[in-house]
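Taking it in order: structure first as structure tokens, then the write-up.
The values are calculated or read from the model by the stated rules, or taken from the named source; none is laboratory data. Remember, it's a predicted structure, so these values are computed and weren't measured experimentally. Reconstructed Cβ throughout: ideal geometry from the backbone, glycine too, with neighbour counts over all protein chains shown. Surface accessibility is based on the protein's heavy atoms, side chains included, excluding ligands, DNA and RNA. Shrake-Rupley method; radii C 1.70, N 1.55, O 1.52, S 1.80 Å.
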Amino acid sequence: MSEIQDPHGDPLRTLFRQAGDVGQARAGAVPVARIAERGRRVRRRRLAALAAGACLVIAGGGAAAVALLPGTPPPVAPATIPSTGHAKTGQPSTGPSSSGPSSSGPSSSGAASPPPSTGEPTREGSGDVTYPPTMTSPPGGGASSTGP
């Protein structure tokens, strides 16, 4: 190696210049395939970080929505109005009552008792849908009675 003389006379500066010259002589270009592979790895890492961030944002939004929404909704009242026997106890009767008239024969007023309500909407004679049924017509086409 030829020694380069530094005009300032600094031997350390001369050694660094020599090391730099040797490094430049040995350096070669990196193959394009290796550079492209590094670029693909960086891109995959960025996409993975973006996907993880998006999942965290969505999960955080869902957790916040669950925390802000009310719990279970309040109970809903039944759609039908209970009869007088049901109003006192709150429980439907399981059999015919002994104090009331028998349901097998016609009642003393001549009007039939209304059919039990199933909670389904019914169509009256006028074509209107009522929920629950509000009018019943007795057999024979007599005067109608209005329900509660």
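Scanning region 66-94 for residues that are among the β-branched types (Val, Ile, Thr), surrounded by 10 or more Cβ atoms within 10 Å (Cβ to Cβ) and modelled with pLDDT of 80 or more yields a count of 1.
Would you say GLY9 is modelled with pLDDT under 90, part of a helix (DSSP H, G or I) and open to solvent by less than 100 Å² (accessible area, probe 1.4 Å)?
no
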